[in-house]
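The values are calculated or read from the model by the stated rules, or taken from the named source; none is laboratory data. Treat the numbers as computed from the prediction; the structure is a model and nothing was measured. A quick note on method: Cβ atoms are made from the backbone with ideal geometry, for glycine too, and the neighbour counts reach across all protein chains shown.
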Amino acid sequence: MTDAISVRLSEVSYAYRRSGSFKLTVSWATVSPRTVLLGPNGAGKTTMLSIIAGVLRPASGHVEVGGLSLDGGDRAAYLRAVGWMPQQIAPIAGLSCREQIAYVGWLKGLGKSEAWDRAVGTLADVDLAELADRRTSDISGGQLRRISLAQALITRPSLLLLDEPTAGLDPNQRSNFRDLVAGLPGEVAVLVSTHQVDDIADTFDDVAIMSEGAIVWHGPLTRFMGLATDGSVRPAEAAYRTIVHESD
Amino acid sequence: MRIRTLLRVAPGAWLAPVMVGLLVLYVASSITFGPREPYGLYLTARAMNGLGLIVPVFAGTAAWEGARLVRGGVWGLPMTRHRIAVAAWSFLPAFVGGLIVLVVTTMAVLVPQGLVVPDMVILGSATVILLAQVALGFFIGTIAPRAIAIPVVVLGSFMTFVLPRVAGSAWLRHMSGTTLELCCTTDQVLSPGVVVSIVAISAAILIAVAILLTRRPRMGVYPVVFLVLLIVASGVAMAAAPPTQRPYAERTGTADVCETRDGVTVCVWPEHRELAPRVSRVAAAAVDAWRAAGVTVPTTFREGEVDKSDPLTAGISVRSTNSRNSLIELLAVAVAPHFPVARDEPTCAATHEWRSSIAGPYVWTWLATEAGIDHQSVDNYFGGGARPDSDYFPDAPKSLIVPVLPLLEKVWELPPPAQATWVRRNLRALAQCDVLPPLDPG
């Protein structure tokens, strides 16, 4: 059983410098151990996860995870408590898988030898122990996703943010990746953004839906599935459509 | 990143051994030595001949590192390490690689000259230049595509060494550090102004890189930050080393390796220790000849600072390449200082026109001849009716600037006591600045 962790965004806003049309404005909180963030392309899912991850700095508002504040004196502890797997994965040229993961651990504040030692176990967590010494340039796209997941896990975070983790993977790889996430240590809560709704029932407890830079719906999976019209072949998709159309 | 990883993946680390070989060959073949004296400052400065190759190559590898971090999405990762720490670890191999090549190249110049200690101020200045350009190279690597960043950094860095030489602007050379290799003969030290200039400009570059890496403003702000900091640094540099200033200053202190022979003492810098016996031999013979002719001259000849109020001490600057003739010339100049060869002007020249300096070439020629210089040397200077260059004596009446040897023929026709009187009167005039010397022997 995965532990719950609180994620709280209070009046968070963000606007991209070069795009005046999009603006994110969110006040949201969840304590669910496994939450999926749905929404159409351009809804602001990646922006919101990037803000929670500490990659983007919000123009205003306050972000807290597990009682740690992003903009307070405990920023370093916050960043170690939050693992981040971005959508775009680009390993550092020339490094082996273990070196890549250890380097990211060092960036997040681990000591060099501590990061180096932890990288072995983290690779094992994502079933890539045998590729530790292989160059990241010599592995497949699916393996690269797992390296990225291992990077997010190196600091043993309480919350894992996964942005479109299975985009571009074939069905078999998607299934493997889902199993991997499902098998993560129980103390890691997961917040996943995706626009693939067909298989969320197997993995998540909570659903949040974004549209045009705001959370338009948030609730438990059972309530979400209940929004599907009776007799739907794809109930999750039907429920999602209902909410998105209502919000339009 | 672990040291072992850095050594494996960083081009700066791979290039260092290759560059050591190339640079040692380059420096060994391209340096034309002046006097081969074991003066650490001079020899270290000569080794800086390779700086214009070392810095661009390793700045280029730093650009490669910067581009690698960007391609690896590192700046987009949430990190608790400060960006400057991440950058510094990334360009560390480029910096250390360049530093190793610099030190080995310097030692390759020094070691053949004996047990000479390298000058740490010059090496430190070169290190600061290397650090600033490597950091700048790294930064450019983070903002431009690799295929553009690396050539721009290598060529740009190279041009900072080439352009000041071609343009010949003293201030530009000061600030870029290309004056280092012009330093220094044994009686000179590196001008503190040059060091201040190098440190100011390098600090401006480092601060600009640190600000831009940390704040990451819009692209348009980048040149403004560099420009503002470079203007401020240039102001500091210009104040410390005005454009006309040479890269060297007079060496202070008193030479303390002394040798006394027949009552004549010669003191030289420690680097000239081996020259002391020969110089003192020539000096003793010259002083003996001048005394025999009835002219009172100093009995101590010293490199470095001299007490100008002491009439029995004169300043000299010797070289290992000095022949007996040139040593006699140096001693004669020390006794009869004059433009443009005077090492020590009389005290009055600091506040008055040195009109009496015109006596110098005539008295000097008499003294040198009396001390046994060969006639060919005198002919080389003043044969064929040559006279002192009037440009050096703008305050002397034209009537006094006459051909040297014909005038001296008249002096030599006088009886020895009269010649001595002529010399003594003119030496006295030389020390008084605002009097016209009694050059006419009649």
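Quick one: A:ARG75 ticks every box in (1) more than 25 Å from A:GLU11 (Cβ to Cβ); (2) modelled with pLDDT under 90; (3) within 11 Å of another protein chain (Cβ to nearest Cβ); (4) out of contact with any Lys or Arg (no Cβ under 7 Å at 6 or more places or on another chain) except a single one, so which number is it?
It is condition (1) that A:ARG75 fails.
Pick from the stretch B:249-265 the residues that are among the aliphatic types (A, V, I, L, M) and touching a residue at least 40 places away in the same chain (Cβ under 8 Å): which of them is surrounded by the fewest Cβ atoms within 10 Å (Cβ to Cβ)?
Per the stated criteria, the residue is B:ALA249.
So which residues in the stretch A:33-72 are assigned to a helix (DSSP H, G or I), polar (S, T, N, Q) and over 11 Å from A:SER13 (Cβ atoms), if there are any at all?
A:THR46, A:SER50
Which fully enclosed helices (runs of 4 or more DSSP H) of the stretch B:74-191 have 1 or more residues being within 14 Å of chain A (Cβ to nearest Cβ)? Explain how you work it out, then say what you get.
Numbers: elements: B:83-110, B:120-143, B:146-167, B:170-176.
Answer list for the stretch B:74-191: B:83-110, B:120-143, B:146-167.
Scanning for something in contact (Cβ under 8 Å) with a residue 40 or more places away in the chain, more than 26 Å from A:ASP125 (Cβ to Cβ) and outside any strand (DSSP E or B), does the stretch A:81-102 turn up at least one residue?
Taking the stretch A:81-102 first, the residues in contact (Cβ under 8 Å) with a residue 40 or more places away in the chain are A:81-87, A:89, A:91-97, A:100-102.
Next, only the ones that are more than 26 Å from A:ASP125 (Cβ to Cβ) stay: none.
The answer is no; no qualifying residue exists.
May I ask you to list the residues in the stretch B:12-27 that are surrounded by 20 or more Cβ atoms within 10 Å (Cβ to Cβ) and within 14 Å of chain A (Cβ to nearest Cβ)?
Residue satisfying the conditions is B:GLY12 alone.
Check B:GLY73 against each of (1) touching a Leu at 6+ places or on another chain (Cβ under 9 Å); (2) small (Gly, Ala, Ser); (3) within 30 Å of A:ALA152 (Cα to Cα) and name the one condition it does not meet.
(1)
Residues checked against (1) within 19 Å of the chain's Cα centre (by Cα); (2) among the hydroxyl-bearing types (Ser, Thr, Tyr); (3) closer than 18 Å to A:LEU153 by Cα:
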| site | (1), (2), (3) |
| --- | --- |
| A:GLY67 | yes, no, no |
| A:GLY72 | no, no, no |
| A:GLN88 | yes, no, yes |
| A:PRO91 | yes, no, yes |
| A:ALA102 | no, no, yes |
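Are any of the residues in the stretch A:34-50 within 12 Å of chain B (Cβ to nearest Cβ), closer than 12 Å to A:SER193 by Cβ and among the hydroxyl-bearing types (Ser, Thr, Tyr)?
Going residue by residue through the stretch A:34-50, those that are within 12 Å of chain B (Cβ to nearest Cβ) are A:46, A:49-50.
Checking which are closer than 12 Å to A:SER193 by Cβ leaves us with A:46, A:49-50.
Still in the running and among the hydroxyl-bearing types (Ser, Thr, Tyr): A:46, A:50.
There is at least one residue in the stretch A:34-50 that is within 12 Å of chain B (Cβ to nearest Cβ), closer than 12 Å to A:SER193 by Cβ and among the hydroxyl-bearing types (Ser, Thr, Tyr).
What pairs come up if the first residue lies in the stretch B:59-70 and is aromatic (Phe, Trp, Tyr), the second is part of a helix (DSSP H, G or I), and their beta carbons are under 7 Å apart, counting only those six or more places apart or on different chains?
From the stretch B:59-70, the pairs are B:TRP64/B:PRO11; B:TRP64/B:GLY141; B:TRP64/B:ARG146; B:TRP64/B:ILE150.
Residue check: is A:ARG98 closer than 24 Å to B:ARG216 by Cβ, among the basic types (Lys, Arg) and out of contact with any strand residue (DSSP E or B) (no Cβ under 8 Å at 6 or more places or on another chain)?
Judged against the criteria, A:ARG98 is not a match.
So the check is Cβ under 9 Å with 6+ separation or different chains; which pairs have a first residue in the stretch B:1-29 that's within 27 Å of B:ASN49 (Cα to Cα) and a second one that's modelled with pLDDT of 80 or more and not in a helix (DSSP H, G or I)?
What qualifies is B:ALA10/A:GLY94.
In this structure, is B:PRO340 surrounded by fewer than 16 Cβ atoms within 10 Å (Cβ to Cβ) and within 26 Å of B:THR313 (Cβ to Cβ)?
Details: surrounded by fewer than 16 Cβ atoms within 10 Å (Cβ to Cβ): yes; within 26 Å of B:THR313 (Cβ to Cβ): yes.
Criteria met by B:PRO340.
Check B:VAL196 against each of (1) at pLDDT 80 or above; (2) under 20 Å from B:GLY50 (Cβ atoms); (3) part of a helix (DSSP H, G or I) and name the one condition it does not meet.
Tallying (1) at pLDDT 80 or above; (2) under 20 Å from B:GLY50 (Cβ atoms); (3) part of a helix (DSSP H, G or I), B:VAL196 fails exactly one: (2).
Look through A:ALA189, A:ALA152 and report the one residue that is more than 23 Å from A:THR25 (Cβ to Cβ), in contact with a Pro (Cβ under 6 Å, 6 or more places away or on another chain), buried (at least 18 other Cβ atoms within 10 Å of the Cβ) and not aromatic (Phe, Trp, Tyr).
A:ALA189
With respect to the numbered conditions (1) touching a residue at least 40 places away in the same chain (Cβ under 8 Å); (2) surrounded by fewer than 22 Cβ atoms within 10 Å (Cβ to Cβ); (3) assigned to a helix (DSSP H, G or I), which one is the sole condition not fulfilled by B:SER356?
The number of the failed condition is (2).
Out of all the residues in the stretch A:87-142, which are away from chain B (no Cβ under 14 Å) and polar (S, T, N, Q)?
Those that are away from chain B (no Cβ under 14 Å) and polar (S, T, N, Q): A:THR122, A:SER140.
Looking at the stretch A:137-248, what helices (runs of 4 or more DSSP H) fall wholly within it and have at least 1 residues that are farther than 22 Å from A:ILE89 by Cβ and among the polar types (S, T, N, Q)? Outline the logic, then answer.
Values: elements: A:141-153, A:171-182, A:221-226, A:235-247.
Passing ranges, in order: A:221-226, A:235-247.
Kindly list the number of the only condition in (1) over 13 Å from B:ASP440 (Cα atoms); (2) at pLDDT 85 or above; (3) out of contact with any His (no Cβ under 9 Å at 6 or more places or on another chain) that fails for B:LEU414.
All conditions are met except number (1).
Filter the stretch B:411-433 down to the residues that are exposed (fewer than 13 other Cβ atoms within 10 Å of the Cβ) and of a type in the set (D, E, K, R) and list them by number.
Once the filter is applied, which keeps residues that are exposed (fewer than 13 other Cβ atoms within 10 Å of the Cβ) and of a type in the set (D, E, K, R), the stretch B:411-433 yields only B:GLU413.
Taking B:ALA67 as the residue in question, decide whether it is part of a helix (DSSP H, G or I) and surrounded by fewer than 18 Cβ atoms within 10 Å (Cβ to Cβ).
no
So that you can scan it fast, the table gives a plain yes or no per residue for (1) free of Cβ contacts under 8 Å to residues at least 12 places away in the same chain; (2) of a type outside the set (D, E, K, R); (3) surrounded by 18 or more Cβ atoms within 10 Å (Cβ to Cβ):
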| site | (1), (2), (3) |
| --- | --- |
| B:GLU329 | no, no, yes |
| B:HIS352 | no, yes, no |
| B:PRO361 | no, yes, yes |
| B:GLY372 | no, yes, no |
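Here is a check on your reading of the model: is B:GLY114 of a type outside the set (A, V, I, L, M, F, W, C) and buried (at least 18 other Cβ atoms within 10 Å of the Cβ)?
It is false that B:GLY114 is of a type outside the set (A, V, I, L, M, F, W, C) and buried (at least 18 other Cβ atoms within 10 Å of the Cβ).
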